[in-house]
Amino acid sequence: MIDVAAFADATVHQLDDHSSIVHVHGQVTGHDELLRPEAAVTRRSAHERELQQQH
């Protein structure tokens, strides 16, 4: 679920003239699950498969 109201308190971090990161506080729940080592391996494997499909 997307909490649209959370964007009101977003923080924009400008990286350079063409890039930025928008941190929306409270937008991601369950972040502890995302940061588990097993989850990182799964995300990395999925990313590698996606890259292979592009080539």
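In region 1-25, which residues are modelled with pLDDT under 75 and surrounded by 10 or more Cβ atoms within 10 Å (Cβ to Cβ)? Answer for region 1-25, where residues must be modelled with pLDDT under 75 and surrounded by 10 or more Cβ atoms within 10 Å (Cβ to Cβ): just Asp3. Criterion first (at pLDDT 65 or above and touching a strand residue (DSSP E or B) at 6+ places or on another chain (Cβ under 9 Å)) does Val28 satisfy it? Spelling it out, it is not the case that Val28 is at pLDDT 65 or above and touching a strand residue (DSSP E or B) at 6+ places or on another chain (Cβ under 9 Å). Sub-9 Å Cβ pairs linking a first residue in region 17-28 that is assigned to a loop (DSSP other than H, G, I, E, B) to a second residue that is surrounded by fewer than 10 Cβ atoms within 10 Å (Cβ to Cβ), at least 6 apart or interchain, are Val24/Thr11; His25/Thr11; Gln27/Ile2, ordered by first then second residue. Here Leu35 clears all of (1) exposed (fewer than 10 other Cβ atoms within 10 Å of the Cβ); (2) at pLDDT 85 or above; (3) not basic (Lys, Arg) except the condition numbered (2).
The values are calculated or read from the model by the stated rules, or taken from the named source; none is laboratory data. Fair warning: this is a prediction, and the values are worked out from it, not measured in the lab. Cβ coordinates were reconstructed from backbone atoms using ideal geometry, including for glycine residues, and neighbour counts include every protein chain displayed.
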